[in-house]
Amino acid sequence: MNYMEQLKKNEAFSGPEGPVVLVIMDGVGIGKNPETDYVKIANTPNLDWLKENAIYTEVAAHGRAAGLPDDGDMGNSEVGHNAIGCGRVFDQGAALVRNAINTGSMYEGEVWKKVTGNVKDKDSTLHFLGLCSDGNVHSNLEHFEAMVKQAKADGIKKIRLHALIDGRDVPPTSALEYVERIENFLAEMNADGTVDYCVASGGGRQNITMDRYDANWPMIEAGWKTHVKAEGRMFASMKEAVEVFRSENEGILDQDLPPFVIERDGAPVGPIVDGDSVILFNFRGDRALEITKAFEAQELSEFPRGPKPDVLYAGMMQYDGDLGVPELFLVAPPAIDRTMSEYLSNAGVKQFAISETQKFGHVTYFFNGNNSGKFETETWKEVPSDVCPFENAPRMKAAEITDEVVAAIKGGEYKFIRLNFPNGDMVGHTGVFEAVKVAVEAVDEGVGRIMEALKETGGIMVCSADHGNSDDMCALDKKTGEIKLDENGKPQPKTAHSLNPVPVFVYDPSDAAHAEKADVEKPGIANLAATCITLLGYEAPEDYTPSLVTVG
Ligand SMILES: O=C(O)[C@@H](CO)OP(=O)(O)O
Ligand SMILES: [Mn+2]
Ligand SMILES: [Mn+2]
């Protein structure tokens, strides 16, 4: 459907006096275990009050409810904000790539043929760069393995893997499990002696290559040096690199591991040079855009890249639909259309979107279906994030974001305000329990101040989350369900998102909407779009998942 029907005004309710404010508390879900649920453990008087006094419901934010392949897949910010922003559930990257590989349609596509053909014609190297885990948030090693098998069948002789280490979508120190899997797989591929496939470089994902939203370009510079120029500390294998780094940095998490280069006979085994092909096998866009720019841009001002090698570069997906980046991609992204931002813009509703750098693109680019363009009535505001380990500054910029939101509420210009508080998620990923508690408390304070401003102006708040994280902070023993302890008897942290549902609070202090909880079957975060549109006094598009409240 490419036409855009207009939103109809709701005859029974024409919207509140003040704005509708959508608060996305990133990574704040509803835990199952009070001992590991740092949202519960934190002191949250405002969220507690809302639970008792506002309209309260719980919605699914993972698995099929977010367009992921299976209900065992945890939610994440991309699929979460996509669903919230477009009111429907699309099959997302993880599912689309799996499908393209299983049906073989990826290999029949022009891009696969081009990328592999280039290597065959020039007798050069096919490089794979990506996050090496089965987290299914940015990537899945399964996809890498399938592509390598196909490349071998297609006659590719030389493959190099530039391996980013995870520990953020999978257990925090699980790297060696993936290293073993990769090394066994490559050994199997090499066994008949016809090909030369190996790991060439890598490092922790929070250290190199996977920065996002221009927060920290030195990470991209370090990645470029490591993967492309093959400059850095050399090791005989990835296993050796991980083991040495761990012995030198007590307690280091996988995501923070330093960069490494693999050598053979004293020389780096896989710099990226003229004539090669490169596939970035991450399917998610936020942390893929900067390294893609480094490979694609003719001129680059963000760091002294030097002349870029003349390679054929392809992404797993198109990462930005508006910018058309990257030029070559293996799988078409979900065709997310008719987002609520577009509808509201067509209806002339002025919109304000805000977060700090770390989540700025979540509430703008992800929210608008992975498009970086703005609709006419939108204003976007980015509060610069600190560049530091967030366990050291767990309040992040919650207060500054709140200041801006309160000013926007009181200013009266915007009818719809959306914001993301990153704390519950960003600090949740650090695995530092005490910091997570402070992080959640900072969010609660922000919510409280927004409530006050809405009370004064007659607005309405919809407060929810994109997925869980801080609600499930400890590793549990799979068999017994007990908290796993480390060698000092302390709970082992869990740094990944959770599979838990998330809360939805609808707070209408002046009772403008006479809102009541609607009876919705299997509610999910996608239902938030229709909820906001309904509270703004419009009828939601028919094919949006329904509003969680009735009004009028
Ligand atoms: O940090 C990230 O990239 C992901 C986890 O991989 O978190 P989120 O989906 O919350 O952005
Ligand atoms: Mn998130
Ligand atoms: Mn996260």
Report summary line: Relative contact order as a percentage, the chain, C-alpha pairs under 8 Å and 6+ apart, gives 28 percent
Report summary line: Given backbone amide H placed at 1.01 Å from N, residues whose amide H is under 5 Å from that of Glu356, ignoring those fewer than 5 places away on the same chain, are Val383
**Report entry** Global size of the stretch 415-552 as Cα Rg and Dmax, reported in angstrom
**Finding:** 18.3, 59
Report summary line: Per the C-alpha gyration tensor (a ≥ b ≥ c, the square roots of its eigenvalues), the stretch 356-472 is rounded if a/c is under 1.5, else prolate if a/b beats b/c, else oblate; here it's oblate
Query raised in the report: So what J values fall out for the stretch 537-546 if you push phi through Karplus, 6.51 cos²θ - 1.76 cosθ + 1.60 with θ = phi - 60°, rounded to Hz, Gly and Pro as x?
Result: x, 10, 8, 6, x, 4, 8, 6, 5, x
Query raised in the report: Which semi-axes, in whole Å and largest first, does the equivalent ellipsoid of the stretch 94-331 have when worked out from the alpha carbon gyration tensor as the square roots of 5 times its eigenvalues?
Result: 24, 21, 18
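Highest first, please rank the peptides 531-540, 358-367 by the mean number of other Cβ atoms sitting within 10 Å of their residues.
Numbers: 531-540: 24.8, 358-367: 28.1.
Result, highest mean Cβ count within 10 Å first: 358-367, 531-540.
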Report task. May I ask which of Lys51/Lys350; Lys40/Lys381; Lys32/Lys484 have a Cα-Cα span longer than 20 Å here? Result -> Lys51/Lys350; Lys40/Lys381
Requested in this report: Enumerate the helices in the chain for which the Kyte-Doolittle hydropathy averages 0.0 or more and the C-alpha atoms extend at least 24 Å along the helix's axis, using complete DSSP H runs.
Outcome: 433-457
Report summary line: Listed by chain and number, the residues whose amide H is under 5 Å from that of Leu330, excluding neighbours fewer than 5 places away on the same chain and using placed H, are Gly315, Met316, Met317
Query - Karplus-derived 3J(HN,Hα), 6.51/-1.76/1.60, for each residue of the stretch 495-510, Hz, glycine and proline x - result: 9, 8, 5, 9, 9, 6, x, 10, x, 10, 10, 10, 10, 10, x, 9
Requested in this report: Just rank Leu50, Leu186, Leu164, fewest to most, by other beta-carbon atoms within 10 angstrom.
Outcome: Leu186, Leu50, Leu164
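Please identify the GluC sites (Glu not before Pro) of the stretch 365-428 that satisfy two criteria: DSSP loop assignment and at most 13 other Cβ atoms within 10 Å. Which are they?
Glu376, Glu413
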Query raised in the report: In the stretch 25-92, which GluC sites (Glu not before Pro) fall in coil by DSSP and have 14 or fewer other Cβ atoms within 10 Å?
Result: Glu35
Query raised in the report: For the pair Asn488 and Asn99, what calculated FRET efficiency results from E = 1/(1 + (r/R0)^6), where r is the Cβ-Cβ distance and R0 = 41 Å, to the nearest 0.05?
Result: 0.35
Report summary line: Sorted by chain and then number, the residues having a modelled amide H within less than 5 Å of the amide H of Phe128, at least 5 places away or on another chain, are Arg160, Leu161, His162, Ile279
Requested in this report: Report, to two decimal places, the Cα Rg of the chain normalised by 2.2 N^0.38 Å (N = number of residues).
Outcome: 0.97
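Rule-based calculations on the coordinates, nothing more; no lab input. Being a predicted model, the structure only gives us computed values, none of them experimental. Glycine gets a Cβ as well: all are built from the backbone with ideal geometry, and neighbour counts include every protein chain shown.
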